[in-house]
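Structure first, commentary second.
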Amino acid sequence: MRSDLIKKGLERAPHRSLLRAGGLAREDMGKPFIAVCNSYTTIVPGHCHLDQVGKLVCKEIRKAGGVPFEFNTIAICDGIAMGHDGMKYSLPSRELIADTVESMVGAHCFDAMICIPNCDKVTPGMLMASMRLNIPCIFASGGPMGAGRNPDGSPCDLISVFEGVGKIKTGTMDEAELERLESCACPGSGSCSGMFTANSMNCLTEALGLGLPGNGTVLATDPARKKIWRKAAKLAVAMALKGGPCPKDVATEDAFMNALMLDVAMGGSTNTILHTLAVANEAGVPLSLRRIDKICQSVPNICKVSPSSQFHMEDVDKAGGIMAIMKEISKTGLLYSRAKTVSGKTIASQYSKAPSPDGKVIRSLDTPYSKSGGLAVLFGNLAENGAVVKTAGVSEKMLVHRGPAVIFESQEDACEGILAEKVKEGDVVVIRYEGPKGGPGMQEMLAPTSYIMGRGLGEKVALVTDGRFSGGTRGACIGHVSPEAAAGGTIALVEAGDIISIDIPARKIELEVSAEILGQRKNKWAPKQKRLKGWLARYAMLATSADTGAVLSKGE
C-alpha cells in the first residue's frame, strides 16, 4: 500500500511514533489509510452539516477495515460573497483547494480518499486534485437544499431574493414582502436548491463516474443521503485494498464526453464549462470550447430547473435523478455506455435501472425543451476565442438580439447603473475588466442579472461580460468572453452606443465596428492598472483565459 511509505520498516519508527500520538494502535499500521477530504465550515449553508457527515464517513471507514484521517479545505459561499469584493476570491479559491488537497494527500501518503464537497468551487477544486494525485477516490457531496416555500406554498429560492431587490426598485415588491421572502427562501442546510453551479458540478461527478447515483440530487436532509455516504466510505476502503480504480481510469475522455452531454441535457450552469475545462486539463484530456459546442448542438435539452423553471433539485430527484436523464439521452446513441465508474460497474448498468421520463420535470427526446442543449458557445469578433451562454435560461424572444452597448467597467458600476435606470429596453449591457486577470478572479454577475430581471428587463436586454455568471443567472447573459478586456480583447475596445449583434442559434456574437476602426482603438488602448496585494495579485499574474478553464499558468 502507498501508506507503507510512512508506516513500514525500521526507519519509519519515528513516523509510527507520531501516528500513535494521533491515536493509532499497532494493529492499525497494517490497514489502508483513507483521506477524508472534508469542506466543513459553519458560514456556508451547503457545508454547515458536513462535520456530522465526516463523523459518519470516518465511522464507516473504520467498520470497513480502514483508518480514516480527516482534514478540511476552505469553502466560500458565493451567495454571501456576491456583490462586493469578496467575490473576487471565489474562483481563485478553486486553485487553493486543489493545491491543499494535493499537499495533504501527497505529504501523508494515503491509500485512497473520499471527497466531501458541496458548494461551488470545492467540487471542481477537489476534482482537479484527484486527477493530479490519481489515487483511488470517490466523491460524496453534502447534498442540495430543499426549496423554500412562500406563504402561499409556491417554491422560492435564493434567486427569488436577489430578484426581489430589483423588484423593490420598480415598486412591485415592498420591504416587508422582501423580508418575508428572505426568511423562507433558504430553509436549511445543503447547496442552494436550483440547478446552480454547486448542484451542476455534483451532478456531473455522477456522469464522470466518480460519484454514486444520487450524489447530485438526493437532498442533504433526506435519510437516503446517509446511504450514499456509507456506501462511499466502504467503497473507498475497498478501492484502497484493490489499488483502484484511480480517477484517471474512470474520468477518461469518454467519461468527460458523457458529463458534458449530461450538462447540456439538464441545462447546467455556465460555470460547469469553465470547471470541466480545468479538470480535463489536470486529467490530460483534450478539450476545447469548439468541441464542447459540438456536444451542445447534438444533445437536446430535456430538463429545466430553477432559475430556468419552477422545478428544483428535489423534483429532479423524485423524477429519477441524473441517471434518469442519462438513460433518456442514451437513446441518442451518443453516450459512451461502457465508461467505467468507481463502483466497478459501467455507467450504462447504473442508468439502465432508472425510470423513464415523467414528461414534466424530465422530458423525453420526443418532447424536448429544445433540440440542441441548454448551453451554447458563441464566436465572433467580440469573442474570438469564445463566449458561453446558458440557453436553457434564455427567452425565445432573446435568442437573436441587436442593440447599442451600455458600458460598465466593473460589476459594482453595473449594479449601481442598472438600479439607477441607466439601462433601457433594447440595450446590450457590457460589463468588462472582470475576467480572470482583470477582476481579478472573474466575479459572478448574479447581482446585476437579478436586478435586470427584477426591473422587468429580462426579455428586453442582453448582457455581455468577460466575467462569469452564477448558476442562478437567467436571461440573455453571455459570459466568459475571451480574450478578456485586461488581455486586450475586443471587449476592451467597445464604446458606448456601438451596436452588438447576438445570434445564439447561429453561435455568433459580433461588434458592428469595422476592423480598421477597431485597429485604431487598439493602438490607443492601454490596460487598466489595479493595485492588488496578497493572493489576488499572484492569481492575476498567473491566471489564464476563461476558454482554457482559467487555470493557473505553469510557467511553461
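The values are calculated or read from the model by the stated rules, or taken from the named source; none is laboratory data. The structure presented is a predicted model; accordingly, all values stated were derived computationally and were not measured. Ideal geometry is used to build each Cβ from the backbone, glycine not excepted, and the neighbour counts take in all protein chains shown. For the accessible areas, the whole protein counts, side chains as well, though only heavy atoms, and no ligand, DNA or RNA atoms are used. Shrake-Rupley method; radii C 1.70, N 1.55, O 1.52, S 1.80 Å.
Straight-line reach only, C-alpha to C-alpha below 16 angstrom: list the aspartates and glutamates that residue 437 could link to, leaving out same-chain residues fewer than 8 apart. Cα-Cα hits under 16 Å: 85, 95, 409, 466, 484, 547.
With the charge dipole of the chain set up from +1 on Lys and Arg Cβ and -1 on Asp and Glu Cβ about the Cα centre, the Cα lying farthest toward the positive end among the listed residues 470, 22, 172 is that of 22. 3J(HN,Hα) along the stretch 345-357: 9, 6, 5, 5, 5, 7, 7, 5, 8, 6, x, 6, x Hz, from the Karplus curve 6.51 cos²θ - 1.76 cosθ + 1.60 with θ = phi - 60°, whole Hz, x for Gly and Pro.
So what's the net charge close to residue 100: Lys and Arg +1, Asp and Glu -1, counting the other residues with Cβ under 14 Å from its Cβ? Neighbour charge sum, excluding residue 100 itself: -1. Listed by chain and number, the aspartates and glutamates whose C-alpha is less than 17 Å from the C-alpha of residue 397, apart from same-chain residues fewer than 8 away, are 425, 427, 459, 503. Taken as Cα centroids, the stretch 321-390 and the stretch 485-556 sit 31 Å apart, rounded to the nearest whole angstrom.
Seen against the Cα atoms of the chain and their longest principal axis, helix 289-298 is set at about 90 degrees. Each part gets one Cα centre, and for the stretch 234-273 versus the stretch 194-210 those centres are 10 Å apart. List the aspartates and glutamates whose alpha-carbon lies under 13 Å from that of residue 55, not counting same-chain residues fewer than 8 positions away? Partners found: 70. Taking all protein chains into account, the per residue accessible area for the chain stands at 37 Å² (1.4 Å probe). The angle between the Cα long axis of helix 50-63 and the main principal axis of the chain comes to about 30°, on a 0 to 90 degree scale. Dipole size of the stretch 128-238 about its Cα centre, with +1 on Lys/Arg Cβ and -1 on Asp/Glu Cβ: approximately 860 debye, rounded to the nearest 20. Ranking 286, 239, 199 by Cα position along the charge dipole of the stretch 199-304, where only Lys, Arg, Asp and Glu carry charges on their C-beta atoms, puts 239 farthest toward the positive end. Extending 7 Å from Cα along the Cβ direction at residue 542 and again at residue 150 yields two label points whose distance is 4.7 nm.
Computed with a 1.4 Å probe over protein heavy atoms only, the accessible area of residue 525 comes to about 60 Å². Maximal additional length on extending the residue 345-residue 530 stretch stands at 61.5 nm, based on 0.36 nm per residue less the C-alpha distance. In plain terms, the chain from residue 554 to residue 520 could stretch by 8.9 nm, reckoned as 0.36 nm per residue minus the Cα-Cα distance. With a Förster radius of 60 Å applied to the beta-carbon distance between residue 103 and residue 331, the computed FRET efficiency rounds to 0.85. Taking the C-alpha atoms only, the angle from helix 158-170 to the longest principal axis of the chain is near 20 degrees.
Taking amide H as placed 1.01 Å from N in the peptide plane, the amide H of residue 385 sits under 5 Å from that of 482, each at least 5 places away or on another chain. Counting only DSSP H runs of at least 4 residues, each contributing -39500 (n - 2.57), and dividing by the residue count of the chain, the helix-based mean residue ellipticity at 222 nm comes to -11500 deg cm²/dmol.
Backbone phi angles across the stretch 409-421, fed through the Karplus curve with coefficients 6.51, -1.76 and 1.60 (θ = phi - 60°), yield HN-Hα couplings of 8, 6, 5, 4, 4, 5, 4, 5, x, 5, 5, 8, 6 Hz in residue order; Gly and Pro are listed as x. Here the dipole of the stretch 486-556 is about 600 debye; that uses its Cα centre as origin and unit charges on the Cβ of Lys and Arg (positive) and Asp and Glu (negative). Taking the centroid of alpha carbons for each part, the stretch 57-74 and the stretch 94-166 are 18 Å apart. A simple charge model with +1 on the Cβ of Lys and Arg, -1 on the Cβ of Asp and Glu and nothing else charged puts the dipole of the chain at about 2060 debye relative to its Cα centre. Across the options 420, 97, 442, the greatest Cα extent toward the positive end of the charge dipole of the chain (unit charges at beta carbon of Lys, Arg, Asp, Glu) belongs to 97. Couplings for the stretch 6-20, taken from phi via the Karplus curve 6.51 cos²θ - 1.76 cosθ + 1.60 with θ = phi - 60°, read 10, 9, 10, x, 4, 6, 9, 4, x, 5, 5, 4, 5, 5, 5 Hz in order; Gly and Pro are left as x. Measuring nothing but protein heavy atoms, the accessible surface of the stretch 401-511 at 1.4 Å probe radius is 46 percent carbon and sulfur. What residues from the stretch 298-312 fall in the zone where the backbone N is under 18 Å from a label point 7 Å along the Cα-to-C-beta line of residue 360? Only 302-306, 308-312 pass the distance filter.
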